[in-house]
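First comes the structure, then the notes that go with it.
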Amino acid sequence: MTDQTTLAKPVSVDFAAPYKLSIAGKLIEANRTFDVLNPATNEVFAQAPEGSPEQLEEAIAAAKAAFPAWAALSWDERGAMIEAYADALEAHKDELITLLTLEQGKPRHSMAKGEVEAAIFWVREVAKRRLEREILEDTPDHVVEVDHTPLGVVGAITPWNFPVLLGLWKVAPCLVTGNTMVMKPSPYTPLCTLRFGEIAQQVFPAGVLNIVSGGNELGQQMTEHPDIAKISFTGSTATGKKVMASGSTNLKRITLELGGNDAAIVLADADWETIVPTLFWAAFGNSGQWCIASKRIYVHRSIHAQFVEAFVAFAKDKTVGNGMNESTDLGPIQNRMQYDKLRDLFADVKANGYKVPLGGTIDESLAGNFVPITVVDNPPENSRIVQEEPFGPILPIVAFDDVEEVIAKANASPFGLAGSVWGRDRDAAIAVARRLETGTVWVNEIHIHGIDIPFGGHKQSGMGVENGAEGLAEFTNTKTYMFHK
Ligand code: NAD
């Protein structure tokens with residue numbers, strides 16, 4: 001294996017070239033292609049290769065063939081190549097940002113830039129992480145050691161809301177721990193993934209990272225495949241259940257990052273005027289298409305009316321539009337399927353006569369999937385808008401009277417992804433946070449993530465974690481050695 005810390009020549013990928021699959025170190029055409037639409041116009045702007053079942057087989061075989069040599073490298077050798085990959089991604093950062101806006105819709109100057117930059121940072125930092133061998137016991141006659149060994153071929157399946165970040169969140173820990181990968185992006189947003197796959201072919205040995213785009217059935221084929229040792233999946237709870245069922249064929253390791261219905265609890269003593277902008281972005285960033293978006297805000301009744309008024313005042317001049325425009329705050333909904341789900345939810349809000357101090361009507365004459373920023377004031381707890389994950393720019397702000405009541409409401413959900421608590425009395429806020437049944441709880445802050453901070457959902461929001469030492473360990477088998485001295 002050559003030292004690839006410094007690449008022999010700079011990585012160069014032509015972003016104007018046709019998109020191809022990355023299999024066994026080569027860029028491969030598919031027999032068929034499928035349309036990729038710009039959600040701001042609903043015009044087809046690119047063709048993505050539709051990988052066949054046979055091509056997926058080839059990708060899995062390539063990853064399997066590449067595994068022994070990749071796993072045999074030291075952590076430092078793999079880490080150096082992953083850092084070189086971060087450099088190569090960096091060199092194509094601007095093209096990736098533009099492409100992300102074109103295929104996903106999010107504003108180029110803010111969300112798209114933030115996503116690509118965060119993803120590259122993640123790759124660079126995860127490259128430096130290690131799982132050290134642990135000595136549990138070392139006595140005159142006995143030694144117990146715990147080590148972590150790679151699993152083999154990992155299948156990665158990603159959604160359409162953060163295709164770059166969520167994709168690279170899987171690539172970096174998978175490769176640094178010594179596994180190889182086959183990734184299948186969402187058919188709605190395959191392009192950035194195909195390009196970061198192309199970039200990878202100039203950095204890693206053949207077969208270490210393979211990308212196959214195509215329909216949902218490829219995902220199913222991956223979850224059933226006997227040569228895939230683990231599935232790392234981010235997507236909906238409904239699909240997560242299917243992944244788990246079909247992964248049972250060979251007892252795959254499974255990490256599931258699924259849906260959520262995160263509550264933000266604003267206590268009576270909260271500094272509500274200051275937190276309104278933070279909570280606006282927490283709910284409406286990425287047009288609400290975010291697993292950990294604040295999807296229901298519970299505000300103490302004593303401040304509820306003022307909070308709603310201030311929230312609406314802050315929200316009403318934010319612009320929804322084409323993400324390529326500098327003035328756009330929120331882009332379109334990524335695809336028509338999700339847009340139609342939102343139309344249905346908006347119709348339910350209207351039919352029930354809930355109070356809507358902002359937005360509420362989708363202008364269906366627009367070409368793009370634009371949905372207005374919508375606030376629903378104090379709908380009943382059993383309404384669809386409170387109970388369901390909307391995955392769009394519509395938010396219920398619900399009044400509550402006492403802390404026991406709001407904790408019970410926040411927890412009465414099949415989801416348990418994340419939540420937040422806001423209050424000046426820090427101890428009281430933390431006491432509430434401790435009782436929320438979610439994988440992450442923020443107190444007087446929100447949406448902080450870190451390389452070393454585990455992230456995962458409780459209940460039907462997922463299984464296992466990403467990030468942190470625990471997330472890294474999920475790409476390995478625990479192996480215990482015992483030596484008699
Ligand atoms: P989805 O479940 O429809 O699709 C996700 C991926 O699964 C896609 O690549 C799809 O092609 C693939 N797929 C579909 N059917 C499959 C099958 N039977 N077997 C294997 N793979 C299959 O999800 P989506 O609509 O793309 O994403 C939105 C959902 O993702 C939301 O519920 C959101 O909350 C969740 N999400 C969760 C997190 C998290 O970290 N917890 C992050 C982002 C999104």
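The values are calculated or read from the model by the stated rules, or taken from the named source; none is laboratory data. None of these values were measured; they are calculated from a predicted model. Every residue, glycine among them, receives a Cβ derived from its backbone with ideal geometry; neighbour counts consider all protein chains shown. The protein model used for the area step is the full one, side chains on, heavy atoms only, and it has no ligands, DNA or RNA in it. Shrake-Rupley method; radii C 1.70, N 1.55, O 1.52, S 1.80 Å.
Once neighbouring chains are kept in place and the probe is 1.4 Å, which whole percent of the accessible area of region 4-258 is contributed by carbon and sulfur?
Here it works out to 55 percent.
What is the gain in length, in nm to one decimal, between K93 and R130 on full extension, counting 0.36 nm per residue of separation less the C-alpha to C-alpha distance? Write down the numbers at each step before the final one.
On the way: separation 37, 0.36 × 37 = 13.32 nm, distance 2.65 nm.
Taking K93 through R130 to full extension adds about 10.7 nm, to one decimal.
Cα-Cα pairs above 22 Å in region 13-166: how many percent?
Of the Cα pairs, 58 percent sit more than 22 Å apart.
Under the √(5λ) rule applied to the eigenvalues of the Cα gyration tensor, what semi-axes describe the equivalent ellipsoid of region 337-411? Give them in Å, descending.
Values: eigenvalues 130, 29, 19 Å².
The answer is 25, 12, 10 Å, longest axis first.
Using all alpha carbons of region 266-370, what is the percent of pairwise distances in each 10 Å bin, ordered from the shortest bin to the longest?
Per 10 Å bin, starting at 0, the Cα pair percentages come out as 13, 41, 35, 10, 0.
I need the calculated FRET efficiency for the pair H484 and L73, taking r as the beta carbon distance and R₀ as 22 Å, to the nearest 0.05.
The formula returns an efficiency of 0.10 here.
Any idea of the accessible area per residue across the chain, 1.4 Å probe, to the nearest Å²? Provide the component values of the computation, followed by the final result.
Working: 19200 Å² over 485 residues.
So the chain comes to 40 Å² accessible per residue, rounded to a whole number.
Counting only DSSP beta bridges with both residues in the chain, tell me the antiparallel percent, nearest 5.
Here the antiparallel bridges make up roughly 45 percent for the chain.
Return the Cα extents of region 332-373 along principal axes one, two and three, sorted largest first, each rounded to a whole Å.
Reported extents, whole Å, longest axis first: 27, 17, 15.
Normalized C-alpha radius of gyration of the chain, against 2.2 N^0.38 Å?
Cα Rg divided by the expected 2.2 N^0.38 Å: 1.00.
Say the cut-off is 24 Å between C-alpha atoms; which of K113/K350; K241/K479; K113/K318 go over it? Don't skip to the end; give the middle numbers.
Details: K113/K350 36 Å; K241/K479 28 Å; K113/K318 19 Å.
In this structure, K113/K350; K241/K479 lie more than 24 Å apart at Cα.
Evaluate Rg over Rh across region 262-443, taking Cα atoms for both radii and Kirkwood's formula for Rh.
0.96
Could you please put F121, F15, F280 in sequence from largest to smallest accessible area, using a 1.4 Å probe?
The residues order as F121, F15, F280, largest area first.
Can you give the accessible area of E137 in Å² (nearest 10), computed on protein heavy atoms with a 1.4 Å probe?
Accessible area, nearest 10 Å²: 70 Å².
Output the 0 to 90 degree angle, nearest 10, between the alpha-carbon long axis of helix 336-351 and the longest principal axis computed from the alpha carbons of the chain.
Roughly 20 degrees between the two axes.
What is the spin-label model distance, in nm, from Q220 to S302 if the labels are put 7 Å beyond Cα along the C-beta direction?
Going from the Q220 label point to the S302 one covers 5.6 nm.
So if we plug the beta-carbon distance of D348 and R32 into 1/(1 + (r/R0)^6) with R0 = 30 Å, what FRET efficiency do we get, rounded to 0.05?
Working: r = 38 Å, r/R0 = 1.27.
Using R0 = 30 Å, I get an efficiency of 0.20.
Mind giving me the FRET efficiency for Q47 and D401? R0 is 35 Å, r the Cβ-Cβ distance, nearest 0.05 is fine. Display every interim value, and only then the final one.
Values: r = 56 Å, r/R0 = 1.59.
Efficiency, from the Cβ-Cβ distance: 0.05.
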